[in-house]
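I have placed the structure first, in the form of structure tokens, so that the comments after it can refer back to it.
The values are calculated or read from the model by the stated rules, or taken from the named source; none is laboratory data. All values reported here derive from a predicted model rather than from experimental measurement. Don't worry about glycine lacking a Cβ; one is built from the backbone with ideal geometry, like all the others, and counts go over all protein chains shown.
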Amino acid sequence: MSRSKRKSSERRKAPSAGTPAVVSPAVCNEAASLTPDNATDAPCNSASLPLPGDIPPSAAANRRGGVSGLTCALCCGICLLGGMFLGNLLPHALDRQEDAASRTVASQPAPAASKADAGAPPSDPAPAAVAAVQEKAMQAAPPVNASREALEHIGHLEKRLAANPQDVDGWTELGNAYFDTHQPLKAINAYERSLALRPGDPNVLTDLGIMYRESGQLGQALECFDRAMRADPAHENARFNKGVILLFDLHQHAEAKAVWQELLRMNPRATAPDGTALRTLIEQCDKPLP
């Protein structure tokens, strides 16, 4: 704090030279009491006692209650140290308050779902998400049992179709290559591209149905076999594979038996791909599967 200074108009002016000083009686009495007994009484004048305006600066400062320079420096130092201490302490205190607030929010329970939300069934995944999963599966590495020749053939077909996407036979051949290397999702994509360019091919539809079955899409598989039989009612392979799904996958014995009996009327010597007689398979329709 700075010291308060009196205005110059409030100070008593010193008498000019040659003018006798005017002193109050009280000041003279005080001087008389301090004079020894054997001293000659001397009139009070400006030389015996200093005037109020001639008080030394140090004495005037002490009388006005002023503060010395050392005390002021000490006060400034203490204030500076206190400010530095508070400056270092305040950020840590704020951090502790924020941590406490975050812990309080985390400890609060989550808001309960409304009754309308509680009874709502879960939504189906978006078509884009399903497509992404299928695309990821299609990009999976081929099985390790695929021969090098088969992989080279697939690579050649892929380059061929990249140069000419309208090559319907190329798409069919690529689907067959994926079929043989047990890559059903890639085969489905290739067969669908082939059918988009040449719809209704019963052979492609039958192979597509087999790949749908291998990927677990039984409804799509049955639809492909029905389309193949509509395109060619005498297509034995489509009819046989439909009976396989009905009997072994869906356990619909009567429906499977009806499909195979129709095939047997068309070809009494019809057999399964492994050589089993179709009559033997029809007999299994009347027995419970293990």
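Some notes on this structure:
- Number of the exception - Thr276 against (1) surrounded by fewer than 17 Cβ atoms within 10 Å (Cβ to Cβ); (2) of a type in the set (S, T, N, Q); (3) at pLDDT 95 or above: (3)
- Ala190 more than 21 Å from Leu218 (Cα to Cα) and either at pLDDT below 95 or among the small types (Gly, Ala, Ser) (or both): no
- On inspection, Lys159 fails the criterion of being modelled with pLDDT of 95 or more and either surrounded by 17 or more Cβ atoms within 10 Å (Cβ to Cβ) or not in a helix (DSSP H, G or I) (or both).
- The one condition from (1) farther than 21 Å from Ile188 by Cα; (2) modelled with pLDDT of 95 or more that Leu289 does not meet is (2).
- Verdict on Leu281 being free of Cβ contacts under 8 Å to residues at least 60 places away in the same chain and surrounded by fewer than 20 Cβ atoms within 10 Å (Cβ to Cβ): no
- Criterion: closer than 24 Å to Ser147 by Cβ and over 44 Å from the mean Cα position of the chain (by Cα) - qualifying residue of Asp180, Asp169, Asp226, Asp201: Asp169
- Test: residue in the range 207-223 that is farther than 26 Å from Ala146 by Cβ and over 44 Å from the mean Cα position of the chain (by Cα): no
Yes/no per residue for (1) without any contact (Cβ under 8 Å) to a residue 12 or more places away in the chain; (2) out of contact with any Ser or Thr (no Cβ under 8 Å at 6 or more places or on another chain); (3) not basic (Lys, Arg):
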{"residue": "Phe179", "(1), (2), (3)": "no, yes, yes"}
{"residue": "Gly209", "(1), (2), (3)": "no, yes, yes"}
{"residue": "Glu214", "(1), (2), (3)": "no, yes, yes"}
{"residue": "Phe225", "(1), (2), (3)": "no, no, yes"}
{"residue": "Arg230", "(1), (2), (3)": "yes, yes, no"}
{"residue": "Asn237", "(1), (2), (3)": "no, no, yes"}
{"residue": "Phe248", "(1), (2), (3)": "no, yes, yes"}
{"residue": "His253", "(1), (2), (3)": "no, yes, yes"}
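- Leu185 vs. criteria part of a helix (DSSP H, G or I) and either crowded, with 22+ Cβ neighbours inside 10 Å or acidic (Asp, Glu) (or both): no
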